[in-house]
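Novice: Questions regarding the structure given below will be posed in turn.
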Amino acid sequence: MTAGLLVQSAVIGVSIGSIYILMALGLTLMFGMMHIINFAHGAVYMLGAFVIYYVFFQGGVPYFAAFVIAMILLGAFGYLVERSVYRPIKGGIEPTLVALLALTTFLQAAGYPVFGQLDKHVPPVFQGTRSVFGVMISVERLMIIPLAGILVVGLYLFINKTRLGAAMRAIEQDKEAAALQGVNVNMINGLAFGIGFALAAAAGALMAPIFKLDPMMGEQPLLKAFIIIILGGLGSVPGAIVGGLMLGLVDSIVATALGAEPAFLLSFVFIILLLLWKPTGLFGHAN
Amino acid sequence: MKRTFPLIQVVAFAVLTAAGPGLAGAADVIKFGVSTPLSGPAAPWGIPHKNATELIFEEINAQGGLDVGGKKYKLEVIAYDHKYVIAEGVATVNRLIAKDGVKYISVLGGAVVKANEEAVNEGRVLNLPLAYADGLVSPKNALTFHAFPSPPETTVFWKWVKERHPQIKRVATISPNDDTGWWSIKVETAYVQKLGYEVVSKEFFERTMTDFNPVLLRMLAQKPDIISVMASPAGSVGLIIKQARELGFKGRFIHLGQIDTAVVGNIAGKANVEGTWVHGYVQNPLPEKIKNWQARYTKKYGEWNATSIDFANPAFAFVAAVKKAQSLDQKKIAEALGTVEFDNLWGKAHFGGKDYYGIGNQIIYPMPFSEVKDGVANLVAQLTPPHN
């Protein structure tokens with residue numbers, strides 16, 4: 001592998017990593033808050049992409065308006081899921097996991113009769129390609145990097161600089177103590193579900209013009225997102241960022257050097273080695 | 001109040017019951033199983049597979065049914081979606097054989113057909129698959145008749161490419177990481193190397209993959225003139241073409257399996273698909289017989305799908321063989337398949353290829369090849385396989 005090819009694969013790795021970060025953000029937020037792994041994250045990602053298909057491509061609404069609509073619609077859906085699934089089973093971790101798994105299966109199965117059996121596509125929003133360190137990358141892929149950055153910064157500011165964010169952090173540290181201090185735990189949990197779902201929808205909405213759309217499209221990104229949040233440390237937003245970039249780079253450089261099959265295997269080997277060295281992940285805590 | 005049945009109804013019921021299912025109608029139906037991907041990335045293959053079979057059978061039923069030994073039989077399709085997932089493929093074929101009691105099936109997908117090999121052979125089921133897999137057409141699968149041209153037949157198109165486009169010298173290949181992909185690439189690379197091409201890259205991908213950038217970067221570093229995407233489904237091919245063009249690839253693409261270039265063009269962008277060569281998918285010009293088929297297909301299903309032209313083969317072959325065998329016994333139908341010459345939508349077809357496969361169970365007919373121009377797959381050649 002030449003130095004030139006290494007740089008090119010690193011550039012592609014950063015663009016792939018940005019996509020991974022987007023996927024992992026909502027997942028890690030929900031884990032950090034409620035200690036649940038949202039198995040429905042991939043299905044919500046898929047729904048976000050289909051909102052873009054119908055509202056932007058079929059409906060003619062401007063892309064960024066459709067993007068906001070996707071986030072609002074699926075954020076509201078997340079809030080409803082918290083009300084109708086998470087809250088009635090009193091936040092039990094195992095029942096919630098099973099319920100979210102059931103929701104995923106339902107959404108994927110319903111996807112074929114609702115959206116059709118053939119793969120769908122969304123035309124590119126940003127046309128053309130640019131040369132970055134000698135590698136041609138489509139503008140739509142490059143745009144993922146700043147857009148992912150905006151979402152990351154927005155989430156960081158929300159969690160660290162707002163009263164609602166402070167309430168979220170309080171629940172993360174000690175739910176009972178937060179409730180005693182007057183924090184409305186149910187409302188904040190609903191908000192966390194809403195934000196988590198909205199972030200998954202944002203990832204799907206950004207990916208829609210880049211990849212093809214089908215009801216199972218969320219499965220592979222969900223697997224990558226799981227790897228990232230374990231790698232970065234469960235519940236850690238900085239961990240999701242670093243984990244996403246690391247996995248993107250590993251995937252890209254190994255696939256370029258050795259091919260797609262070794263890259264798939266080596267990403268798992270990489271995470272096993274890292275967890276042997278640091279079982280809590282890069283930014284995770286023992287508790 | 002005491003309820004009584006009129007005598008005539010009781011007698012009629014007794015006669016029908018004693019006469020058995022023949023008179024009641026159940027035995028007058030020939031059930032034909034279809035296990036195919038009706039959803040997921042391979043659905044552009046599976047949907048026309050099911051639709052074409054149904055359409056041919058419905059037209060025969062409308063004429064009174066299939067005459068076997070002086071008795072008319074209706075043809076019924078029982079179709080299940082396997083999503084191109086091996087486990088689902090095994091489950092659907094088991095269900096067809098064990099629950100639905102079918103004796104004749106058509107399965108799509110090399111990996112799925114291979115996984116069902118034992119069940120099909122043990123159940124003595126006649127299979128007319130649309131699938132690429134090493135050893136599928138072989139003496140050990142005597143009741144399996146492959147109803148679509150395979151890589152050993154379709155790769156003959158490379159000769160045509162060599163004669164007309166001598167500037168193409170370096171070939172890269174990318175295929176799914178399963179039985180279908182492995183065998184297709186093995187056959188194709190052996191053939192093109194014999195013709196003097198240099199195979200500069202051979203890659204495999206998981207069918208769930210959507211980001212091909214790293215693997216394409218690796219391939220493009222070898223500076224290929226052409227990329228073969230043999231055995232890859234339309235959705236994946238669309239993404240491969242789109243992403244390769246974004247990375248600056250200016251050469252051609254070739255798919256000597258079968259692919260819906262309209263679906264590919266939607267994903268990759270029409271301009272990016274220009275010049276692509278494909279086997280088994282033609283939009284223009286279509287002979288009268290196929291135009292007629294197109295009208296019937298569109299009338300029934302609303303949307304035209306050119307893949308249905310070649311994927312109608314299992315139904316045509318089955319009907320012709322049953323007519324010739326005048327029997328519903330799988331073995332007798334298989335014997336008839338070995339000798340019958342029948343019409344498919346491209347002309348005369350038969351099963352042959354014994355010299356290559358060791359058994360004459362591979363469909364042989366003039367295979368259509370197209371080149372995409374202005375977004376339309378235009379017929380450029382009809383070639384006969386290298387073996388008969």
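Each value in this text was obtained by applying a stated rule to the coordinates, not by laboratory testing. Note that the structure is a prediction, hence the values are computed from the model and not measured. All Cβ positions, even for glycine, are placed from backbone atoms using ideal geometry, and neighbour counts span all protein chains on display.
Novice: How crowded by other chains is A:253-262, given as the mean number of beta carbons from other chains within 10 Å of each beta carbon? Please list the in-between numbers first.
Specialist: Numbers: counts 1, 1, 11, 8, 2, 1, 10, 13, 6, 0.
If you average over the peptide's residues, the count of other-chain Cβ atoms is 5.
Novice: Also: Tabulate in residue order the Karplus-calculated ³J(HN,Hα) for the range B:115-129, using 6.51 cos²θ - 1.76 cosθ + 1.60 with θ = phi - 60°, rounded to whole Hz; enter x for Gly and Pro.
Specialist: 5, 9, 3, 5, 4, 5, 5, 5, x, 6, 9, 7, 10, 10, x
Novice: Let me ask something additional. Which of rounded, prolate or oblate describes the range B:152-279 when judged by the alpha-carbon gyration tensor and an a/c cut-off of 1.5? Don't jump to the answer; show the numbers that get you there.
Specialist: Values: a/c = 1.35, a/b = 1.26, b/c = 1.07.
Verdict is rounded for the range B:152-279.
Novice: Starting from the Cα of A:ALA110, step 7 Å along the direction of its Cβ; do the same at B:TRP160; then give the gap between the two resulting points in nm.
Specialist: Those two pseudo-labels are separated by 4.7 nm.
Novice: Suppose the chain between A:ARG87 and A:LYS278 were pulled fully straight at 0.36 nm per residue; how much longer would it get relative to their current alpha carbon spacing?
Specialist: Working: separation 191, 0.36 × 191 = 68.76 nm, distance 3.38 nm.
That works out to 65.4 nm of additional length.
Novice: Further question on the same structure: What does the charge add up to near B:GLU335, with Lys and Arg as +1, Asp and Glu as -1, over the other residues with Cβ less than 14 Å from its Cβ?
Specialist: Result for the local shell: +4.
Novice: Given R₀ = 25 Å, FRET efficiency for A:THR162-A:ILE72 by Cβ-Cβ distance, to 0.05? Intermediate values should be presented prior to the final figure.
Specialist: Working: r = 18 Å, r/R0 = 0.74.
Efficiency, from the Cβ-Cβ distance: 0.85.
Novice: Something else about it: In straight Cα distance, which lysines are under 20 Å from B:LYS72, not counting same-chain residues fewer than 8 positions off?
Specialist: Hits, sequence-local ones excluded: B:LYS31, B:LYS103, B:LYS323, B:LYS324, B:LYS332.
Novice: Another one. For chain A, return all DSSP H helices satisfying: extent of Cα atoms along own axis at least 24 Å; mean Kyte-Doolittle hydropathy at least -0.5. Could you put the intermediate results ahead of the total?
Specialist: Numbers: long enough: A:3-34 (45 Å, 1.85); A:63-81 (27 Å, 2.26); A:93-115 (32 Å, 1.33); A:139-161 (32 Å, 1.61); A:185-207 (33 Å, 1.65); A:237-258 (31 Å, 1.82); A:260-277 (26 Å, 2.29).
The qualifying helices are A:3-34, A:63-81, A:93-115, A:139-161, A:185-207, A:237-258, A:260-277.
Novice: OK, next. Please compute the net charge surrounding A:ALA109, taking Lys and Arg as +1 and Asp and Glu as -1 over other residues with Cβ under 12 Å from its Cβ.
Specialist: Working: positive: B:LYS83; negative: B:ASP81.
The answer is 0.
Novice: Same structure again: For chain B, find the longest principal axis of its Cα atoms and tell me its angle to the long axis of helix B:179-194, 0 to 90°, nearest 10.
Specialist: With both axes taken from Cα atoms, the answer is about 50 degrees.
Novice: Report, in deg cm²/dmol and to the nearest 500, the calculated mean residue ellipticity at 222 nm for chain B, where each DSSP H run with n ≥ 4 adds -39500 (n - 2.57) and the sum is divided by the residue count. Before the final figure, lay out each step's value.
Specialist: Details: 18 runs with 163 residues, N = 388.
Theoretical 222 nm ellipticity from helices: -12000 deg cm²/dmol.
Novice: Something else about it: Show the residues, 5+ positions off or on another chain, whose built amide H is closer than 5 Å to the amide H of B:SER201.
Specialist: When sequence neighbours closer than 5 places are left aside, the close amide H contacts are B:THR173.
Novice: What does the net charge come to around B:GLY248 if you take all other residues with beta carbon closer than 12 Å to its beta carbon, with K and R at +1 and D and E at -1? Provide the component values of the computation, followed by the final result.
Specialist: Details: positive: A:ARG130, B:LYS223, B:ARG245, B:LYS250; negative: B:GLU246.
Counting the neighbours of B:GLY248, the net charge comes to +3.
Novice: Let me ask something else about it. Which value at 222 nm does chain A reach when only helices count, each DSSP H run of 4 or more adding -39,500 (n - 2.57), with the total divided by all residues and rounded to the nearest 500 deg cm²/dmol?
Specialist: On the way: 11 runs with 202 residues, N = 287.
Estimated from H runs of four or more residues: -24000 deg cm²/dmol.
Novice: In peptide A:210-222, what is the residue-averaged number of other protein chain Cβ atoms found within 10 Å of each Cβ?
Specialist: Values: counts 6, 8, 12, 2, 6, 2, 6, 4, 0, 1, 5, 2, 0.
Counting other chains' Cβ atoms within 10 Å and averaging over A:210-222 gives 4.
Novice: Residue-wise, which Karplus ³J(HN,Hα) couplings in Hz belong to the range B:313-320, taking 6.51 cos²θ - 1.76 cosθ + 1.60, θ = phi - 60°, and x for glycine or proline?
Specialist: The phi angles translate into 4, x, 5, 4, 5, 4, 4, 4 Hz.
Novice: A follow-up question, please. Cross-link candidates for B:LYS300: which aspartates and glutamates have Cα within less than 14 Å, leaving aside residues fewer than 8 places away along the same chain?
Specialist: Hits, sequence-local ones excluded: B:GLU54, B:GLU58, B:GLU59.
Novice: Over 28 Å between Cα atoms, which of B:LYS202/B:LYS348; B:LYS159/B:LYS223; B:LYS202/B:LYS242 qualify?
Specialist: Values: B:LYS202/B:LYS348 36 Å; B:LYS159/B:LYS223 22 Å; B:LYS202/B:LYS242 19 Å.
From the list (B:LYS202/B:LYS348; B:LYS159/B:LYS223; B:LYS202/B:LYS242), the Cα-Cα distance tops 28 Å for B:LYS202/B:LYS348.
Novice: What are the semi-axes of the equivalent ellipsoid for the range A:133-208, taken as the square roots of 5 times the Cα gyration tensor eigenvalues, largest first, in whole Å?
Specialist: Working: eigenvalues 237, 32, 12 Å².
Each semi-axis is √(5λ); the values are 34, 13, 8 Å.
Novice: A follow-up question, please. Count, for each residue of B:202-213, the Cβ atoms from other chains sitting within 10 Å of its Cβ, then give me the mean as a whole number. Please list the in-between numbers first.
Specialist: Details: counts 1, 4, 3, 5, 4, 0, 5, 4, 9, 17, 2, 15.
Other-chain Cβ atoms within 10 Å of each residue's Cβ, averaged: 6.
Novice: What is the packing order of peptides A:65-77, B:279-291, taking the mean over residues of other C-beta atoms within 10 Å and listing the highest first? Display every interim value, and only then the final one.
Specialist: Values: A:65-77: 19.6, B:279-291: 17.2.
Sorting A:65-77, B:279-291 by mean packing, highest first, produces A:65-77, B:279-291.
Novice: When N is the residue count of chain B, what does its C-alpha Rg come to as a fraction of 2.2 N^0.38 Å? Before the final figure, lay out the partial values.
Specialist: On the way: Rg = 22.7 Å, N = 388, 2.2 N^0.38 = 21.2 Å.
Against the compact-globule rule of thumb, the ratio is 1.07.
Novice: Using packing as a proxy for protection, rank A:116-124, B:341-349 so that the peptide with the highest average count of other Cβ atoms within 10 Å comes first.
Specialist: Numbers: A:116-124: 19.6, B:341-349: 16.4.
Going by the mean number of other Cβ atoms within 10 Å, highest first, we get A:116-124, B:341-349.
Novice: Still on this structure, please answer the following. Under a crude label model (7 Å from the Cα following the beta-carbon direction), how far is B:GLU122 from B:SER138 in nanometres?
Specialist: A separation of 1.8 nm, rounded to one decimal place.
Novice: How do the peptides A:200-208, B:366-374, A:154-162, A:188-196 rank, highest first, by the average count of neighbouring beta carbon atoms within 10 Å per residue? Intermediate values should be presented prior to the final figure.
Specialist: Details: A:200-208: 29.7, B:366-374: 19.2, A:154-162: 13.4, A:188-196: 24.0.
Most protected by this proxy first, the peptides run A:200-208, A:188-196, B:366-374, A:154-162.
Novice: On a straight-distance basis, which lysines could pair with A:LYS175 in a cross-link, Cα separation under 30 angstrom, same-chain partners fewer than 8 positions away excluded?
Specialist: Correct list for A:LYS175: A:LYS90, A:LYS161, A:LYS224, A:LYS278.
Novice: Ordered by residue, what ³J(HN,Hα) values in Hz, to whole numbers, does the range B:367-381 give under the Karplus form 6.51 cos²θ - 1.76 cosθ + 1.60, where θ = phi - 60° and Gly and Pro are x?
Specialist: These are the phi-based 3J(HN,Hα) values: 7, x, 10, 10, 10, 7, 10, 6, x, 10, 7, 9, 4, 10, 7 Hz.
Novice: Rounded, prolate or oblate for chain A? Axes are the square roots of the Cα gyration tensor eigenvalues, ordered a ≥ b ≥ c, and the cut-off for rounded is a/c under 1.5.
Specialist: Because a/c hits 1.5 or more and a/b fails to exceed b/c, chain A counts as oblate.
Novice: For a 28 Å ceiling on Cα separation, which of these pairs sit above it: B:LYS186/B:LYS250; B:LYS71/B:LYS114; A:LYS120/B:LYS50; B:LYS99/B:LYS331? Present the calculation step by step, with values, prior to reporting the outcome.
Specialist: Numbers: B:LYS186/B:LYS250 25 Å; B:LYS71/B:LYS114 35 Å; A:LYS120/B:LYS50 21 Å; B:LYS99/B:LYS331 21 Å.
Cα-Cα > 28 Å for B:LYS71/B:LYS114; rest within.
Novice: Distance from the Cα centre of the range A:133-155 to that of the range A:78-103, in angstrom?
Specialist: If you average the Cα positions of each part, the centres end up 33 Å apart.
Novice: Moving to a separate point now. Given Cβ point charges of +1 (Lys, Arg) and -1 (Asp, Glu) and nothing else, what value in debye, to the nearest 20, does the dipole of chain A about its Cα centre take? Don't skip to the end; give the middle numbers.
Specialist: Working: 13 positive and 11 negative charges, 92 e Å.
In debye, rounded to 20, chain A gives about 440.
Novice: Give the long-range amide H neighbours of B:ILE30: residues separated by 5 or more places, or on another chain, with amide H under 5 Å away, using H modelled in the peptide plane at 1.01 Å from N.
Specialist: Under 5 Å from the amide H of B:ILE30 lie the amide H atoms of B:LYS74, B:LEU75, B:GLU76, each far enough along the sequence or on another chain.
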